[in-house]
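S.K.: Dropping a structure here in structure tokens format, bear with me for questions.
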Amino acid sequence: MNNNELWNSLLAQMQLHISRANFATWFQNTEVSTKENEKLVISVPNAFSKEWLSNKYYKVMLKIIHDMDNSIRELEFIINPRSSKTLIIKENVEQEKINIEQLKFDEFKVNKDTNLNPKYTFENFIVGSFNDLAYAAGSAVSENPGNIYNPLFIYGGVGLGKTHLIQAIGNKIANSSKKRVKYVSSEKFISNIVAAIRSNSMESFKASLSPIDVLIVDDVQFFSGKNKSQQEFFHIFNSLYEKNKQIILSSDKQPNAIPELEERLKSRFGGGMIIDVNLPEYETRLAILRAKLQEKNIALPEDVLEYVAVNVKKNIRELEGALNSLIVYYRSNNNIPDVENAKKLLKGFVFSPFEVANYKKIIEVVAKFYNLEEKNLFDQTRRKEIVRPRQVAMFLLRKELKYSFPEIARKFGGKDHTTVLYAYKKILQESEENNKLTEELNLIKQRVYSG
Ligand code: ADP
Ligand code: MG
């Protein structure tokens, strides 16, 4: 790989680790200046970028680069104002921040009234068994806001499409009615509340929210531990809810599982419809790749797509990132990538599940999920609250790690391997009949694979 390819590939991968807005802010107009022995010198447009890249992203960037070219052990950032095509350098950092804020808006065309990004639509939202309920509920809400599921609460692991879905609902309502929609991230919402408390302007802040017909709050798990903000959110929630205004929330976990969240908020959050999004299966991953390519009007060989779908399984954001790497390669080399190229390019994405999901991790996650101590799983007891989690652990060791039944039996204190076989069959069968168990298994798997 030459320096440019290396850098393009890094850029494609960094997009996975940070938000788009941050990406545009910090990586715009960066390029490789030179490579000096073990050091890669990167030119950045200003001191602001230099500081952020070297303080915040150094480690992850070095890891990505080193994975692609293991002769590189160090990165250095130099300021080269001429490389800046769009950023105007101002002495005053505040002024610069404003310019960058502006850039974010221009770049992504976020609607100033609704705060929604128009690129998130139902039309480009792919539906499979992993998210069909969430999709169905979302589209029902978009057709009849305020009247069916209120609030609509969508939860699931990162990169599984929560933001996409809740914004798609917002866009649909905003485009098909006169209703006033507002999307806000929880971080932003909390900082607005804190600012309003500080400046004694809570009343006017609330008044500014009262004309809203649809309030969408993303990642509400961030309210955890923020007591003052929770109190205010509770009142804001109630006043909208009482007026039949639609509220849509997302979170990485169910309301009840969010720590340090007031009971009354948990109960409000859970008072409408709660639905999860899961990890897509192989077939769906392949479908997602095909659809994304079609959107971009690009074709890639089928075996390359299959390679990506088999190997990149963490979430949809990673799938997109992997695909972007291939597209960048395709465009910059004018050469259609084959499976060998893909293997090299996707080193940073492809992980063997065996590396992430190991014995220790499964035991740890299962125990935690059922509020047990790890050693409890090995207790010689028939107590129901232990037996079930133990069977789940055995099931996952078999299913995810392909442990043999006797091997699992040994791990669990020399039980007869038919006991393990029985546990496996029981969980398998029940999970096919019982949605609650399926959901538990999915949540556990998400945690096991989330690194
Ligand atoms: P989350 O909010 O759950 O972390 P996002 O909504 O940000 O995930 O999704 C990550 C990326 O994957 C986004 O670029 C999004 O457009 C894409 N994506 C997620 N789910 C889907 C889907 N069902 N169909 C198409 N693209 C999706
Ligand atoms: Mg999100």
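S.K.: Might you tell me the accessible area per residue for the range 144-273, computed with a 1.4 Å probe and given in Å²?
M.R.: Dividing the accessible area of the range 144-273 by its residue count gives 44 Å².
S.K.: 5 Å is the cut-off here: which amide hydrogens, built 1.01 Å from N in the peptide plane, fall below it relative to Ile42, excluding neighbours closer than 5 in sequence?
M.R.: Under 5 Å from the amide H of Ile42 lie the amide H atoms of Ser33, Glu76, Phe77, Ile78, each far enough along the sequence or on another chain.
S.K.: Quick check on the range 174-213: take the gyration tensor over C-alpha atoms, sort the square-rooted eigenvalues as a ≥ b ≥ c, and tell me if it's rounded (a/c under 1.5), prolate or oblate.
M.R.: Here the range 174-213 falls in the oblate category.
S.K.: Alpha carbons only, please: Rg and Dmax for the chain, in angstrom.
M.R.: Cα-based Rg and Dmax for the chain come out at 24.4, 73 Å.
S.K.: Further question: Nearest 0.05, what FRET efficiency do Ser239 and Lys56 give at R0 = 51 Å with Cβ-Cβ as r?
M.R.: My answer for the efficiency is 0.85.
S.K.: In deg cm²/dmol, rounded to 500, what helix-only [θ] at 222 nm does the chain give when every DSSP H run of at least 4 residues adds -39500 (n - 2.57) and the total is split over its residues?
M.R.: Using -39500 (n - 2.57) per qualifying helix, the result is -17500 deg cm²/dmol.
S.K.: Please give every one of the aspartates and glutamates within straight-line cross-link reach of Lys253, meaning a C-alpha to C-alpha distance under 14 Å, and leave out same-chain neighbours fewer than 8 residues apart.
M.R.: Candidates past the 8-residue exclusion: Asp218, Asp219, Asp276, Glu439, Glu440.
S.K.: OK, next. For the range 229-384, give the magnitude of the charge dipole about the Cα centre (Cβ charges: +1 Lys/Arg, -1 Asp/Glu; no others), in debye to the nearest 20.
M.R.: Using Cβ point charges on Lys, Arg, Asp and Glu, the range 229-384 gives about 220 debye.
S.K.: Still on this model: Leaving out ligands, DNA and RNA, and with a 1.4 Å probe, what % of the accessible surface on the chain is carbon or sulfur?
M.R.: Its accessible area is 48 percent carbon and sulfur atoms.
S.K.: Would you tally the net charge around Asp69, using a Cβ to Cβ cut-off of less than 11 Å, leaving Asp69 out, and scoring K and R as +1, D and E as -1?
M.R.: Spelling it out: positives minus negatives among the neighbours equals +1.
S.K.: For the range 155-258, what class follows from the C-alpha gyration tensor (a ≥ b ≥ c being the square roots of its eigenvalues): rounded when a/c is under 1.5, otherwise prolate if a/b is larger than b/c, else oblate?
M.R.: oblate
S.K.: Another question about this same structure. Calculated FRET efficiency, Ser71 and Asp379, Cβ-Cβ r, R0 51 Å, to nearest 0.05?
M.R.: 0.50
S.K.: What's the ranking of 183-193, 56-66, 378-388 by average number of surrounding C-beta atoms within 10 Å, highest first?
M.R.: 183-193, 56-66, 378-388
S.K.: Please give, to one decimal in nm, the separation of the simple spin-label points placed at Arg180 and Ile148, each 7 Å out from Cα toward the Cβ.
M.R.: 2.6
S.K.: Can you give the direction-averaged projected area of the convex hull of the alpha-carbon atoms in the range 342-431, in nm²?
M.R.: If you wrap the Cα atoms of the range 342-431 in a convex hull and average its projections, you get 6.9 nm².
S.K.: Hey, another quick one. Could you list which residues have their amide H under 5 Å from that of Asp69, counting only those 5 or more apart in sequence or on another chain, with H placed in the peptide plane?
M.R.: Hits under the 5 Å cutoff: none.
S.K.: On to the next question. What residues qualify as long-range amide H neighbours of Tyr403, i.e. H under 5 Å apart, gap of 5 or more or another chain, H built at 1.01 Å from N?
M.R.: Distant-sequence amide H within range of Tyr403: Arg398.
S.K.: For Lys360, which lysines qualify as cross-link partners when the Cα separation must be under 20 Å and same-chain residues fewer than eight apart are set aside?
M.R.: Leaving aside lysines fewer than 8 places away in the same chain, those within reach of Lys360 are Lys314, Lys368, Lys375, Lys399, Lys402, Lys411, Lys415, Lys445.
S.K.: Give me the distance in nm between label points sitting 7 Å out from Cα along the Cα-to-Cβ direction at Ser208 and Glu123, one decimal.
M.R.: Going from the Ser208 label point to the Glu123 one covers 3.3 nm.
S.K.: Let me ask another. What distance in nm lies between label points placed 7 Å from Cα along the C-beta direction at Glu433 and Lys368?
M.R.: The two pseudo-label positions are separated by 3.2 nm.
S.K.: Another question about this same structure. To the nearest 10 square angstrom, how much accessible area does Asp252 have with a 1.4 angstrom probe?
M.R.: Probe radius 1.4 Å; accessible area of Asp252 about 60 Å².
The values are calculated or read from the model by the stated rules, or taken from the named source; none is laboratory data. On a predicted model such as this, the values are computed, not experimentally measured, just so you know. Neighbour counts run over all protein chains shown; Cβ positions are idealised from the backbone, glycine included. Only protein heavy atoms, including side chains, enter the accessible area calculation; ligands, DNA and RNA are left aside. Shrake-Rupley method; radii C 1.70, N 1.55, O 1.52, S 1.80 Å.
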